Structure formats: C-alpha cells, structure tokens
1. From the label point of A:THR47, set 7 Å along Cα to the beta carbon, how far off in nm is each other copy's matching point, shortest first?
2. Between copies, how far does the label point of B:SER98 sit from its twins, in nm, shortest first, when each point is 7 Å from Cα along Cα→Cβ?
3. Can you list, shortest first and in nm, the gaps between the label point of A:THR125 and those of its counterparts in the other copies, using a point 7 Å from Cα in the C-beta direction?
4. Could you compute how much accessible surface B:ASP7 exposes when probed at 1.4 Å, giving the result in Å² to the nearest 10?
5. How big a patch of accessible area, both sides summed and in Å² to the nearest 100, lies buried between A and B at a 1.4 Å probe?
6. Please report which chain A residue places its beta carbon nearest the axis carrying chain A onto chain B, with the distance rounded to a whole angstrom.
7. Given H placed on each backbone N at 1.01 Å, which residues far from B:THR96 in sequence or on other chains put an amide H within less than 5 Å of it?
8. Which value in Å does the Kirkwood hydrodynamic radius of the stretch B:1-113 take, with 1/r averaged over all unlike C-alpha pairs and then inverted?
Protein chains: 2
Amino acid sequence: MDFEHADALNQAIRLLSLRHRARAATLLAPLGLHPGQEVLLLELARTGPMIQAQLSEALGCEPPSVTLMTRKLEATGHIRRRPAPSDKRASVVELTDSGSALADRVKQLWCALAEETVTGLPAETVAELPGILNALTGNVDTRRPRHSPGRRQAPAAEPRRAGRVDRSGEPAGDGADG
Amino acid sequence: MDFEHADALNQAIRLLSLRHRARAATLLAPLGLHPGQEVLLLELARTGPMIQAQLSEALGCEPPSVTLMTRKLEATGHIRRRPAPSDKRASVVELTDSGSALADRVKQLWCALAEETVTGLPAETVAELPGILNALTGNVDTRRPRHSPGRRQAPAAEPRRAGRVDRSGEPAGDGADG
DNA sequence: CGAATAACATTATGCGCATAACGTTATCCG
DNA sequence: CGGATAACGTTATGCGCATAATGTTATTCG
C-alpha cells in the first residue's frame with residue numbers, strides 16, 4: 001500500500017475517532033457524563049454487578065482507568081462499590097437505582113448517536129459496518145494478537161462467564177477466583 | 001435502529017479508536033513520538049510551513065493541542081517556530097532537517113500500520129473504507145455541520161488556500177491575514 | 001478615528017486513555 | 001509449610017484531547 005492510501009485510511013480512522021467521541025461528549029454532557037463513562041454504565045446494565053478487573057476487561061481498557069471512573073461515578077451516586085465477599089483484593093461494582101435510570105438515558109442517546117453516525121449510508125453498508133470495524137480492530141489489537149491464544153485471552157474467557165454476580169453475593173467469590 | 005445494533009456500531013468505533021491508536025503508539029514509541037504528534041509532522045511535511053492556527057485546522061483539533069505539541073516537538077528539535085513576518089499574533093511552524101527525516105520514518109510506519117489494519121479484508125472493501133469512514137465522520141462532525149456552510153467552514157476554506165507559506169516568507173503574512 | 005469584534009497563541013484545568021510501581025491478597029508448587 | 005508467582009485495586013505520572021479564559025494584535029464598521 002502506498003503512502004497516500006495508507007494516510008487516507010489512518011487519517012479517516014483518526015478523524016472518526018475524534019469526531020465520534022466529541023459528538024458523544026456533547027450528547028453525554030447534559031447527563032453529567034464524559035466519554036468513556038457511558039460504556040461502563042452500559043456494561044453494568046447489561047451484565048450486572050462485577051469486579052473491577054472484569055470491567056476493565058469488558059471495556060477493553062486498563063485497570064487504573066476503571067478505578068478512576070468508578071470512583072467518580074460512585075461519588076455521583078450512580079454506582080456502588082463493595083468488597084467482594086470471598087476475595088479481599090477485589091471490589092464488586094454495581095449500578096444504583098439512579099445509575100440504572102441513567103443507563104436507560106444513555107441507551108437512548110446511544111441509539112441517537114448511532115443513527116446520526118450512519119445517516120445517508122446504504123442499509124447494506126450499515127449492516128456490515130460493525131463486522132468490518134471489528135475486523136480492523138482485531139488486526140491491530142496488541143492485547144489479543146490474532147491467531148494467538150495469549151495468556152490474556154484465556155483468563156478473559158473464564159471470568160467473563162463466571163463474572164455474572166448473583167445477588168446473593170456468593171458467585172461473586174467464585175468469579176473473583178476465576 | 002434498535003439498541004443492540006446501535007451499541008454494536010458505537011462500540012466497534014470506540015474499540016477501533018482505542019486499539020488503532022494504541023498500535024500507533026507502539027510503532028511511534030521508538031521514534032520518541034506520541035499518537036497525535038505524527039499527524040502534525042506529516043502535515044508539515046506535506047504542506048510546508050504554516051501558522052499554528054492553520055495546523056489546528058488541518059489536524060482537526062483545537063489550538064491548545066497544537067500549542068503543546070509544537071512546544072514539545074520544538075524542544076526535541078524536530079520543528080521550529082518563528083513569528084510570522086506580518087502578523088504579530090501568529091507564529092510559523094516548520095520542520096527542521098531532523099523533523100523532515102523523522103517525518104519520512106513516520107511515513108513508513110504509517111504504511112505499515114495501514115497494511116496491518118486492513119489485513120485479510122477484500123481489496124474492494126479496503127478501497128471503500130476511507131470514503132465510508134469519512135462519511136461517518138461528516139455525519140457526526142459538530143465543527144462542520146452537514147449541509148450547513150457554517151461560519152467556521154468559510155474561513156477554513158480561505159486560509160487553507162492562502163496558508164501555503166512561500167519560503168520567501170511574504171505570503172505567510174497574507175495567509176495570516178486570511 | 002475609535003469602539004466593537006475577531007483572530008492568534010497561550011495558560012489553566014479537566015478528562016479518559018496509557019504505563020510503571022506498589023502493597024495486599026490469593027494461588028501455585030517444591 | 002513457605003517461597004515464588006499471580007491477581008487485584010490503587011497511586012503517580014504522562015499524553016493528547018477538550019473547554020474556558022486571557023492578553024495582544026488585527027480587522028471591521030459607524
């Protein structure tokens with residue numbers, strides 16, 4: 001691939017990143033949220049309570065990012081953190097009632113954002129987009145090299161399955177052991 | 001669009017952003033560069049000396065970002081900043097020799113990154129990607145609303161044309177007046 | 001001409017990303 | 001059992017992004 005084409009592609013990705021994120025920021029601001037926080041709320045809404053390590057895995061970001069985001073969202077009362085019952089290293093994160101309500105609003109603006117993003121594109125293209133983009137992501141994913149199980153992938157598969165924390169709090173312990 | 005599809009798309013964009021940028025970071029690190037700085041060097045290499053306002057416009061980011069990046073790249077000797085001859089508000093940014101050499105290396109890794117990104121995708125899809133991604137970007141671009149000339153777009157078109165600074169230094173003044 | 005407005009670069013601050021390092025807890029294995 | 005290793009969350013730091021504010025300079029317009 002020559003430089004012109006390479007540049008066109010990389011720049012296209014970069015600009016989409018910037019603008020999509022900025023647009024999300026605009027939509028999230030009235031909810032008092034910053035880009036990055038919304039996916040954390042959505043993940044908790046989808047999966048239920050989980051420990052922070054599982055969150056960082058699910059979100060595809062590093063633990064310190066989750067630490068800071070959960071700290072802030074806890075401060076605003078949208079999530080709650082409590083020690084995992086059977087693992088003193090871990091803390092379970094869950095949505096509060098206000099957090100659940102907020103997640104519902106995030107879902108709405110998330111739909112609006114996606115619709116806005118694909119406006120004017122053929123339905124066929126729209127349907128293929130997630131797959132294409134995920135393929136690109138897989139190609140450059142240094143955390144999960146292609147065709148390589150990697151150490152990181154094996155643990156990811158297990159905690160995610162066991163990560164669903166029952167309200168009784170007991171499976172949380174098992175999840176943290178995973 | 002229902003939430004599931006919207007989520008799939010938004011998450012795909014988000015993850016691509018994170019991973020592509022992280023991969024770029026890995027490739028840029030040996031050159032002592034951080035993601036974001038490379039496009040500044042590439043722009044100067046492509047267009048030649050320009051004032052910072054033009055740079056921020058070309059890169060699609062805000063002026064303070066350019067201020068800090070140019071400051072750092074000047075500190076490492078890769079660019080040079082000098083006052084614009086006919087506008088005391090502006091400063092002209094240009095590559096040094098080491099900056100030009102560095103830009104050449106960035107071009108190489110930029111090609112490698114792009115090739116890595118599209119590995120395994122049909123050539124037809126690859127050819128369409130920049131266009132598709134740019135369409136998405138245009139849809140969510142709050143700085144250049146679709147179908148709206150906008151105040152911002154008018155000035156952008158002019159300085160960019162006149163922004164090409166001749167080595168004589170005189171057109172720079174004209175550019176800054178734009 | 002001069003007040004009003006706009007442009008330029010900068011500083012301050014906040015944000016989510018990252019890496020590096022750390023202390024505590026849990027697990028593994030000889 | 002106990003040393004080695006791994007996992008967890010946290011703190012510190014750096015980075016490019018953003019917005020808000022600022023001071024200086026340039027342009028506009030009555």
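The values are calculated or read from the model by the stated rules, or taken from the named source; none is laboratory data. On a predicted model such as this, the values are computed, not experimentally measured, just so you know. Ideal geometry is used to build each Cβ from the backbone, glycine not excepted, and the neighbour counts take in all protein chains shown. Just so you know, the surface numbers come from the protein's heavy atoms only, side chains and all, with ligands and any DNA or RNA stripped out. Shrake-Rupley method; radii C 1.70, N 1.55, O 1.52, S 1.80 Å.
1. In ascending order, 4.2 nm.
2. 5.2
3. 1.6
4. The accessible area of B:ASP7 comes to roughly 10 Å².
5. Numbers: alone 11520 and 11570 Å², together 17880 Å².
Buried: approximately 5200 Å² between B and A.
6. Result for the axis mapping A onto B: A:SER17, 2.
7. Residues meeting the amide H criterion: B:ILE79, B:ARG80.
8. Numbers: mean 1/r = 0.0651 Å⁻¹.
Evaluated on the stretch B:1-113, it is 15.4 Å.
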